Amino acid sequence: MITTPRLQAHSIETLIVGLFAMTTVSAAEPPDTNYDESKVPDYQLPPLIQSDASPPTRESWRQTRRPQLQSLLEEYVYGKTPRTALESIDYRLEELDATALNRGATRKQVRILLDPEADLAIDLLLYIPNGADSPSPCFVGLNFYGNQTIHPDPEIKINPRWMRGNRDIGIVGNRATKDTRGVYQERWQAEKLIDRGYALATAYCGDIDPDNYQHDYADGVHPLFYQPGQTKPGPGEWGTIGAWAWGLSRILDYLIAEEHQIHPQQIAVMGHSRLGKTALWAGAQDERFALVISNNSGCGGASLYRREFGERIHHMIRPVGYWFCLNHAQFAQREQELPVDQHMLLALVAPRPLYIASATRDQWADPRGEFLAALAASPAYHLYGKSGLPSETMPPPNQPQHGTIGYHLRDGDHAVTEYDWDQYLRFADRHLLGKPTESD
Ligand code: GCU
């Protein structure tokens with residue numbers, strides 16, 4: 001396996017922090033990052049299924065263990081998401097064109113109004129295949145820099161809100177200095193999805209909570225749920241990933257209501273990197289997501305904390321501790337004491353199909369840790385008579401394994417590529433649509 005660490009995305013992050021947030025994080029890879037497999041500590045994962053006197057059953061998992069694990073992940077990793085419904089929410093169709101993508105799709109742009117007073121809204125972009133005889137299956141995922149980045153389609157509204165700096169695509173000082181239309185087209189593969197009969201729904205994560213290193217929990221959805229006098233979430237309350245996951249569920253509410261066009265039982269949630277962590281947490285909490293995909297989600301996503309390989313909690317506190325709840329930071333350099341590990345997060349998706357994807361040059365995200373977490377989550381699938389991961393051996397690059405949990409290690413960088421989507425589509429064809437694949 002290639003063991004070049006991922007420097008690019010991380011060093012851009014730290015550089016931006018250094019330049020704009022005036023923190024002491026250096027632009028270099030943290031010097032204590034471990035990329036040596038022989039230095040992974042001997043660790044013991046907290047038990048997924050508790051072994052008390054009676055043998056575990058599907059019922060004891062569903063009624064007792066699963067809710068316990070969700071509470072532990074709330075308490076120590078992501079924080080608890082408010083359960084109260086937002087009264088002010090409203091959905092407004094702002095644009096519709098049945099001739100989008102060369103007449104192959106209908107484009108809808110829908111504004112999900114969260115709070116008219118705070119000017120808080122999620123701008124949802126939806127492409128639905130034309131000519132389908134029944135409601136379409138759908139992939140939904142958040143994007144990093146606005147809907148206009150996912151395709152060059154000139155009718156996509158440009159997101160005017162605050163954006164994190166990214167010199168690669170010309171966002172400097174939180175403003176776009178050049179046209180960002182279609183800059184992340186490869187990450188979304190809109191035409192391919194439409195050709196294969198899938199709808200695509202996406203929204204900018206910053207519409208829900210801006211990914212601002214100077215985070216104050218004041219400009220996203222958190223304040224909508226504060227108690228009188230509260231100004232930030234408590235130690236076990238939701239951080240930014242929790243807010244983004246909540247936003248995905250509000251998008252899902254809309255998609256489910258579109259049942260004449262979108263099949264409500266065939267909606268997959270997908271995310272890359274920090275938004276892969278988010279897709280997992282959204283899929284874990286909201287069982288209406290029929291399939292869950294994590295693309296290179298790494299630390300705080302699909303990989304195991306206890307391996308202490310690549311990114312670790314103490315690397316995240318500055319700059320991005322706000323993605324998690326405050327309690328999470330207590331486990332910096334104390335991963336072995338964390339009451340949970342990420343196999344538990346993955347197991348909350350059971351028995352629904354789950355796909356974990358890693359990349360060889362993304363060692364910062366610990367591909368082996370992602371594979372091992374998927375393997376350790378498999379017993380929850382077995383309780384339902386499902387296969388989990390089909391093999392205990394990590395596959396070589398570009399050789400996907402597809403059980404009810406799918407896994408691949410793509411050759412290459414931290415990214416979402418056409419290769420990744422080819423695997424997701426094959427997996428979704430099989431699990432959402434019941435189409436056999438060539439290996440069946
Ligand atoms: C950084 C961060 C990762 C995250 C990634 C991303 O590299 O350290 O945890 O997954 O950014 O979201 O791009």
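When the convex hull of its Cα atoms is viewed from all sides, the range 331-404 shows a mean projected area of 5.4 nm². Placing a label point 7 Å from the Cα of S391 along the Cα-to-Cβ direction, the residues of the range 407-425 with a backbone N closer than 14 Å are 407-410.
The range 57-139: which GluC sites (Glu not before Pro) are DSSP loop and have at most 10 other beta-carbon atoms within 10 angstrom?
Details: sites: E59, E74, E75, E87, E94, E95, E117; in loops: E87, E117.
Sparse-neighbourhood loop GluC sites (Glu not before Pro): E87, E117.
In the range 218-345, inverting the average of 1/r over every pair of distinct C-alpha atoms gives 15.7 Å as the Kirkwood radius. Averaging the sequence gap over all C-alpha pairs within less than 8 Å and six or more residues apart, then dividing by the number of residues, gives the chain a relative contact order of 17 percent.
Site pair R58 and S249 shows an inter-label distance of 2.5 nm when each label is modelled 7 Å from Cα along Cα→Cβ. In terms of packing, defined here as the mean over residues of other Cβ atoms within 10 angstrom, the peptides 237-250, 210-223 line up highest first as 237-250, 210-223.
Here the range 137-286 is treated as a Stokes sphere of Kirkwood radius computed over C-alpha pairs; at 25 °C and 0.890 mPa s its diffusion coefficient rounds to 150 µm²/s. Scalar couplings 3J(HN,Hα) for the range 368-377, obtained by applying the Karplus form with A = 6.51, B = -1.76, C = 1.60 to θ = phi - 60°, are 5, x, 6, 4, 5, 5, 5, 5, 6, 7 Hz; x denotes Gly and Pro.
The share of Cα pairs per 5 Å bin across the range 277-412, counted from zero up to the longest distance, runs 2, 12, 21, 24, 20, 13, 7, 1, 0 percent. In plain terms, the chain from A132 to L96 could stretch by 11.2 nm, reckoned as 0.36 nm per residue minus the Cα-Cα distance. Full extension of the chain between D168 and R83 gives 26.8 nm of extra length, using 0.36 nm per residue less the Cα-Cα distance.
In this structure, I317 and T231 have a Cβ-Cβ separation that, at R0 = 22 Å, corresponds to a calculated FRET efficiency of about 0.60. The loop-placed trypsin sites (Lys or Arg not before Pro) in the range 172-234, going by DSSP, that have at most 13 neighbouring Cβ atoms within 10 Å of their Cβ come out as K178.
Per residue, the accessible area of the chain comes to 39 Å², computed with a 1.4 Å probe over protein heavy atoms only. Per DSSP helix of 4 or more residues, -39500 (n - 2.57); summed, then divided by the residues of the chain. What does that give at 222 nm, rounded to the nearest 500? Counting only the DSSP helices, I get -7000 deg cm²/dmol.
Provide the gained length on full extension for the span N34 to E186, in nm with one decimal, where the gain is 0.36 nm per separating residue minus the Cα-Cα distance. Before the final figure, lay out the partial values.
Numbers: separation 152, 0.36 × 152 = 54.72 nm, distance 3.08 nm.
The span from N34 to E186 would gain 51.6 nm if fully extended.
Residues whose amide H comes within less than 5 Å of that of R410, counting only those at least five positions distant or on another chain, are S358, A359, T360, N398 (H built at 1.01 Å from N in the peptide plane). Peptides 306-312, 289-295, 329-335 ordered by packing proxy, namely the average of other Cβ atoms within 10 Å per residue, highest first: 289-295, 306-312, 329-335.
Could you give the C-alpha radius of gyration of the chain expressed as a fraction of 2.2 N^0.38 Å, taking N as the number of residues it contains? Provide the component values of the computation, followed by the final result.
Values: Rg = 20.5 Å, N = 440, 2.2 N^0.38 = 22.2 Å.
So the chain has a normalised radius of gyration of 0.92.
Across the accessible surface of the chain, with the other protein chains kept in place and a 1.4 Å probe, carbon and sulfur atoms take up 50 percent.
The values are calculated or read from the model by the stated rules, or taken from the named source; none is laboratory data. In this text the structure is predicted, and so the values were computed from the model without any measurement. Here the Cβ is made from the backbone with ideal geometry for all residues, glycine too, and neighbour counts use every protein chain on show. Areas reflect the complete protein model, heavy atoms only, side chains present, ligands, DNA and RNA absent. Shrake-Rupley method; radii C 1.70, N 1.55, O 1.52, S 1.80 Å.
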